[in-house]
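Visitor: One structure, pasted below without further comment.
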Amino acid sequence: MRTLRERVAEQYPAPLAAVLDSPDAIAQLGNVDRTRAAAL
């Protein structure tokens, strides 16, 4: 069984990952530093 902290750490970045993994984002942005993008 995973802890709440582990589940939140897995689920929190999911919406941003979905956007950055889209074909449009990859075409326009290329490789993005996700840590930096999340901080902005």
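Each reported figure results from applying straightforward, stated rules to the coordinates on display, with no laboratory input. If you're wondering where the values come from, they're calculated on a predicted model, not measured in any experiment. Here Cβ is always computed from backbone atoms with ideal geometry, including for glycine, and neighbour counts include all displayed protein chains.
Visitor: What is the Cα radius of gyration of the chain over 2.2 N^0.38 Å, N being its residue count?
Guide: Its radius of gyration relative to the 2.2 N^0.38 Å reference: 1.38.
Visitor: Here's something else I'd like to know. If you plug each phi of the range 13-27 into the Karplus form 6.51 cos²θ - 1.76 cosθ + 1.60 with θ = phi - 60°, what whole-Hz ³J(HN,Hα) values come out, in order, with x for Gly and Pro?
Guide: Karplus values, whole Hz, x for Gly and Pro: x, 4, x, 5, 4, 4, 5, 5, 8, 5, x, 5, 5, 5, 5.
Visitor: I would also like to ask the following. Just grab the label-to-label distance for residue 10 and residue 31, each label 7 Å out from Cα along the Cβ direction, in nm (one decimal).
Guide: My value for the distance between the label points is 2.7 nm.
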